[in-house]
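Working notes for the structure below.
Every number in this text was worked out from the coordinates using simple rules, so none of it is lab data. Note that this is a predicted model, so its numbers are computed, not measured. With ideal geometry, Cβ positions are generated from the backbone for all residues, glycine too; neighbour counts draw on all protein chains shown.
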Amino acid sequence: MSTEIGKFKAGSPMSDTLRMDRMPHIWCPGCGIGSEVNSFADAVKRSGIDPKKLVVVSGIGCTGRVAGYVNFDSIHTTHGRAIPVATGVKLANPELTVVVFSGEGDLAGIGGNHLIHAARRNMDLVVICNNNFTYGMTGGQVTPTTPNSAVASTTPYGNYEYPFSLPFLVDAAGATYIARWTSMHSRNVTQSIEEALLRKGFSFIEIISPCPTLYLRRNRLGDGVDQLQNYQDNSILKHGCDTRETAIDYQGKIVIGKFVEKNKPTYLEGVDKCCVKLVGDDYQLYGKTIPEREAEEKAEKERIAARRAAMAAAEAQEQAVAAKPRKTSAPAVKKAPAMAAKTKFQSKVMPAKQALAGTKKAPAKAAAAPKAAKKVAAKAKAKPVKKAATKAVKKASAKKVAPKAPAKAAKKAASKGTVKTKAAPKKTRK
Amino acid sequence: MKTVTADPKGVDSGPHFMDGDHALAEGALAAGCRFFAGYPITPSTETAERFAERAPEVGALFIQMEDELASIAALIGAAWAGQKCMTVTCGPGFSLMVENLGLAAMTETPMVIANVQRGGPSTGLPTLTAQQDMMQAKWGPHGDNAIIALSPDSPQECFDLTVEAFNLSEYYRVPVIILTDETVGHMHEKVVIPPADQIKVVPRNNYSGPKEDCRPYKFDSQGGHPMVRAGDGYNFHITGLTHNEKGYPVMTVEQSKKVVTHLMEKINGNADDIIRLDEDQVDGADVVVVSYGITSRIAVKAIQDARKEGIKVGSLRLITIWPFCEKRIREISAKVKAIVVPEINYGQMVLEVERSAAGRCKVISVNHCGGAVHDPQVILDAIRKAIQ
Amino acid sequence: MFFNDLKQTRGKIYISNDWCKGCGFCVQFCPKGVLDTSPEYNAKGYHPPYVKNPDACHDCMFCQMICPEFSIYVIKEEATNKGETNK
């Protein structure tokens with residue numbers, strides 16, 4: 001029973017974020033880009049930034065089409081040049097929030113030079129990199145992140161090159177916010193993008209996502225569902241992990257989380273500091289003096305805070321309505337046991353948790369509840385980066401959102417479904 | 001073309017003793033350019049240096065990007081965020097910029113690119129002059145598109161033509177290329193910058209109408225359409241793909257016809273308003289010397305000597321290189337015996353002259369393989385030979 | 001005591017058959033097994049999902065978040081006081 005398309009478009013929560021007149025889009029069944037756009041849209045709404053001040057720039061490739069589908073000021077540039085174009089937009093109007101949404105071939109392949117320089121300059125940009133290990137638009141060629149030994153149309157006998165680890169690359173280049181998720185972790189992606197939108201400096205968010213038509217098909221890895229299942233099994237949540245240990249082997253472990261979050265003056269702050277020393281207080285950029293710009297920035301921050309507060313109030317008000325005890329409440333409901341069936345969470349992870357004290361490396365599976373992740377992070381060595389990350393994790397897990405780690409929810413579903421063996425991702429769908 | 005007076009902050013009026021490169025930067029500031037993304041390359045680096053020096057006091061922003069490619073990409077972003085913007089480069093850098101020059105032409109993005117030419121090909125003669133990139137300016141980017149190119153012959157004209165270039169690029173929403181050369185770029189001469197109220201500048205015309213009628217493009221082969229600025233809430237979309245007037249990709253044969261015709265006719269159709277020439281005694285001449293840039297100043301000596309010998313010689317200097325002045329050459333070729341085209345390359349603009357003359361008169365190419373200006377004697381010999 | 005006045009949040013699921021490309025994400029990863037692949041075809045020849053047991057939906061919106069085609073979304077419904085009915 002499908003909803004009539006007109007009504008569906010009107011009612012869809014994405015109606016103000018997507019150019020509905022351009023739907024449906026061109027991405028293949030099971031591609032991860034759509035999920036990322038969902039998370040991006042949710043993040044934009046939650047962050048409270050003014051959508052009018054948001055500019056999305058994307059390069060060429062499957063992910064390059066994101067600019068055409070989102071309903072913001074958007075520029076679809078030449079291949080690899082999304083970041084310099086975004087740099088130009090940001091520098092020409094510092095009030096704008098500029099997001100680069102492109103693929104790993106576009107950003108780290110042909111556009112690699114711009115990626116490392118923008119990171120070096122700590123240019124105030126949010127770079128969302130959809131990493132599906134292939135050049136999708138042109139038929140599945142090998143990219144700078146394709147794992148060694150993976151098959152692609154231009155490495156038909158297995159990739160003999162060694163891939164970048166993008167977090168390591170941009171960390172070395174100087175990025176001040178680095179996170180990696182998979183397209184499965186839509187809420188974590190949302191939260192990362194939200195944090196990136198609200199902070200200043202070069203934010204890099206890598207999202208591993210399935211490319212069923214090319215990468216998965218050529219490597220006989222099943223389809224989108226199988227790859228998401230693989231992400232669920234193989235991703236390890238390690239906030240604050242040292243980016244040197246974030247390499248991805250072929251169908252190997254994927255370290256996800258927020259690796260780096262530090263503050264460093266952005267490019268424009270550097271320019272202002274230098275020019276004020278030079279010209280004195282009446283220095284102005286494009287006709288606005290620094291106090292004027294700061295006042296505008298503060299006003300914008302207040303507007304954002306107001307929007308976020310309004311959203312939080314609305315949410316709290318909704319919960320209040322839901323929790324209002326009804327006078328004519330039904331007979332006291334037998335308190336349902338928390339989890340009827342013995343789920344994988346209990347059968348496997350719980351014992352691990354109990355034995356946590358002794359073990360060196362807790363099996364911190366992404367499926368573990370955020371509390372487990374927090375404990376793992378807290379146990380990690382107290383490197384400054386790590387301390388900042390655990391503080392962020394407490395903040396993250398403290399935020400009560402219905403089933404926070406979707407992987408956990410998905411885990412339960414998987415255990416309830418026909419998924420018996422955990423081994424190879426060859427699973428029969430429900 | 002609606003013009004206003006220049007913003008005095010960017011105008012350093014008064015006489016100066018300045019080289020062509022610096023004059024380019026001053027021209028940009030006078031024209032209201034407040035964003036410059038460049039990359040060092042001999043012989044054009046001085047422009048970037050001058051802009052970087054002047055930026056803080058004028059309230060402009062200079063950024064040295066990681067390569068020329070990034071420089072022009074940054075200009076595209078800055079233009080759509082509301083700034084007039086410029087970059088300066090030379091042969092090798094221009095070759096790197098060519099793809100994004102095509103994107104700028106396709107998305108009708110106003111910007112100015114100065115190409116201070118040097119000896120080529122490849123690394124060639126980095127510190128020596130040449131005019132070997134004339135055809136590259138027009139035919140560089142892939143696909144049919146049209147740009148405007150001007151060619152100053154002195155530092156004073158570097159200043160004037162940069163202001164002119166910004167006005168043309170703002171009105172026609174097209175990249176305008178200033179094709180000068182190392183000699184003009186490094187030659188110090190008197191440059192008089194007029195007071196701000198005497199400088200006519202076309203302001204950036206941003207769309208401010210209702211959101212539903214906002215169209216980044218209008219395919220009517222005319223200039224003068226408003227730009228759309230990021231941050232004004234119009235949620236515009238621009239793409240390098242063949243698009244409709246709303247900017248949405250429409251990759252069909254019919255749409256390509258509309259877009260390409262518009263891009264070409266917007267410039268070629270309005271060639272009469274765009275083209276500026278500098279003529280001297282062309283009417284009644286037996287021989288006309290067609291030249292541009294530094295070569296035109298060398299040709300003056302040859303023309304004077306030829307006139308002393310009683311030869312009726314006219315001079316036609318191309319200030320606008322592209323679109324080419326076909327009509328004017330057609331008229332001249334019907335009345336003169338020969339046209340002499342001296343240029344510091346192996347024969348580029350002479351091909352356009354020949355095409356326009358279409359056999360009505362002899363066209364003699366006085367080419368030079370780069371690295372130096374002509375010896376006037378060589379041009380004089382060509383003029384003599386022309387009238388036999 | 002504390003639990004029994006907390007209500008089950010309910011969600012009403014809206015699906016657009018036209019846009020669905022049958023990737024199966026929503027069906028596979030819905031934590032409550034609310035959806036299932038319907039035998040019918042849509043215009044493009046894919047099998048869109050259908051709501052098998054609507055009461056089980058707890059408005060976790062994961063199907064909406066994970067759907068790459070934006071062709072499914074959930075609206076929170078008035079909370080009912082029925083006990084847990086997930087299968």
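Could you tell me the calculated FRET efficiency between C:ASN53 and C:ASP5, based on Cβ-Cβ distance and R0 = 30 angstrom, to the nearest 0.05? Once the sixth-power term is evaluated, E becomes 0.75. Ordering B:CYS325, B:CYS90, A:CYS275 by the number of other Cβ atoms within 10 Å of each residue's own Cβ, fewest first, gives A:CYS275, B:CYS325, B:CYS90. Entry for the protein assembly as shown at q = 0.10 Å⁻¹: log10 I(q)/I(0) = -1.09, Debye formula applied to identical alpha-carbon scatterers, no solvent contribution.
Computed from the C-beta positions of B:GLN222 and C:ILE75 and an R0 of 35 Å, the FRET efficiency is 0.10 to the nearest 0.05. Rounded to the nearest 10 degrees, the inclination of helix B:253-268 to the longest alpha-carbon principal axis of chain B is 50 degrees. The label-point distance for B:GLU189 and B:ARG384, in a model that sets each label 7 Å from Cα toward Cβ, rounds to 2.8 nm. For chain B, the longest principal axis of the alpha carbon atoms and the long axis of helix B:45-58 meet at an angle near 40°.
Based on C-alpha pairs under 8 angstrom that are at least 6 apart in sequence, region C:10-77 has a relative contact order of 46 percent. Remark: the B:MET264-B:ALA334 segment gains 22.5 nm on full extension, using 0.36 nm per residue and subtracting the alpha carbon distance. Helix B:294-308 and the long axis of chain B differ in direction by around 30°, with both axes built from C-alpha atoms.
Pairs exceeding 26 Å between alpha-carbon atoms, taken from A:LYS238/A:LYS273; A:LYS288/B:LYS218; B:LYS200/B:LYS257; A:LYS200/A:LYS258; A:LYS52/A:LYS90; B:LYS2/B:LYS335: A:LYS238/A:LYS273; A:LYS288/B:LYS218; B:LYS200/B:LYS257; B:LYS2/B:LYS335. The relative contact order of region A:45-118 comes to 35 percent, based on Cα pairs under 8 Å that sit 6 or more residues apart. Go ahead and set up a Gaussian network model of chain B, Cα springs under 10 Å, then flag whichever of B:LYS301, B:LYS211, B:LYS258 fluctuates most. Result: B:LYS211 has the largest fluctuation of those listed. Largest first and in whole Å, the equivalent-ellipsoid semi-axes of region B:4-142 read 24, 19, 12, each the square root of five times a Cα gyration tensor eigenvalue. Based on Cα atoms of region B:332-377, Rg over Rh with Rh as the Kirkwood radius reads 1.02.
Residues within the reach of a label modelled at A:ALA299 (point 7 angstrom out along Cα to beta-carbon, backbone nitrogen below 16 Å), restricted to region A:78-119, are A:94-96.
Which of A:GLU194, B:GLU49, A:GLU297 comes first, and how do the rest follow, when ranked by fewest Cβ neighbours within 10 Å?
Lowest count first: A:GLU297, B:GLU49, A:GLU194.
Here the ratio of the Cα radius of gyration of region C:10-77 to 2.2 N^0.38 Å is 0.99. Over all orientations, region A:2-287 has a Cα convex hull whose mean projected area works out to 15.5 square nanometres. Dipole of the protein assembly as shown computed with +1 at Lys/Arg Cβ and -1 at Asp/Glu Cβ about the Cα centre; of B:GLN377, A:ASN93, B:THR42, farthest Cα towards the positive end is A:ASN93.
Multiplying each eigenvalue of the alpha-carbon gyration tensor of chain B by 5 and taking the square root yields semi-axes of 35, 24, 19 Å, largest first, rounded to whole angstroms. Centre-to-centre separation between the Cα atoms of region B:19-71 and those of region A:181-241: 41 Å.
Counting Cβ atoms of other protein chains within 10 Å of each Cβ in C:26-38 and taking the mean gives 5. Number of Lys-Lys pairs in region C:10-77 with C-alpha atoms under 20 Å apart and a separation of 8 or more places or on different chains: 8.
Work out, step by step, the length gained on full extension between A:ARG220 and A:ALA306: first 0.36 nm times the residue separation, then minus their alpha carbon distance; give nm to one decimal.
Values: separation 86, 0.36 × 86 = 30.96 nm, distance 4.99 nm.
Length difference between fully extended and current span is 26.0 nm.
Calculation over all alpha carbon pairs of region B:193-319 in 5 angstrom steps from 0 returns a P(r) of 2, 9, 12, 12, 11, 10, 9, 9, 8, 7, 5, 3, 1, 0 percent. Bridging of C:LYS7 to aspartates and glutamates at a Cα separation below 20 Å is possible for A:GLU315, A:GLU318, C:ASP55, C:ASP59, C:GLU77, C:GLU78, C:GLU84, once same-chain residues fewer than 8 apart are set aside.
Working from Cα pairs under 8 Å separated by at least six residues, relative contact order for region B:279-387 is 32 percent.
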